[in-house]
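S.K.: Take this structure, written in structure tokens, and hold onto it; I'll ask about it next.
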């Protein structure tokens with residue numbers, strides 16, 4: 001019984017780690033491809049890597065320039 005609990009806990013932790021790593025990779029790709037605000041691109045990449053896992057969230061909330069997908073027709 002104890003082995004099953006530990007095994008499922010480790011699986012959950014590794015899945016969470018993979019999710020956070022993917023979030024970091026997506027943030028870096030978005031920084032390189034697009035425009036950023038508040039700081040230069042090199043500073044955002046440094047923040048995403050150094051302040052892992054908080055850095056990607058900070059970038060997505062404050063550093064990313066939102067793109068409009070469709071123009072409103074008048």
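S.K.: Which pairs do you get when a residue that is without any contact (Cβ under 8 Å) to a residue 12 or more places away in the chain and at positive phi, found in the range 31-56, comes within reach of a residue that is in a helix (DSSP H, G or I) and loosely packed, with under 14 Cβ neighbours inside 10 Å, reach meaning Cβ atoms under 9 angstrom, with the pair 6+ apart or on two chains?
M.R.: none
S.K.: Could I ask something else about it? List pairs: first in the range 16-30 and closer than 12 Å to residue 55 by Cβ, second at pLDDT 85 or above and loosely packed, with under 14 Cβ neighbours inside 10 Å, Cβ under 9 Å, 6+ apart or cross-chain?
M.R.: If the second residue must be at pLDDT 85 or above and loosely packed, with under 14 Cβ neighbours inside 10 Å, the pairs left are 24/49; 28/49.
S.K.: Working only within the range 29-50, note down all residues that are assigned to a helix (DSSP H, G or I) and surrounded by fewer than 17 Cβ atoms within 10 Å (Cβ to Cβ).
M.R.: 29, 32, 33, 41, 42, 43, 46, 49, 50 - these are the residues of the range 29-50 that are assigned to a helix (DSSP H, G or I) and surrounded by fewer than 17 Cβ atoms within 10 Å (Cβ to Cβ).
The values are calculated or read from the model by the stated rules, or taken from the named source; none is laboratory data. Owing to the predicted nature of the structure, the values given are computational and were not obtained by experimental measurement. A quick note on method: Cβ atoms are made from the backbone with ideal geometry, for glycine too, and the neighbour counts reach across all protein chains shown.
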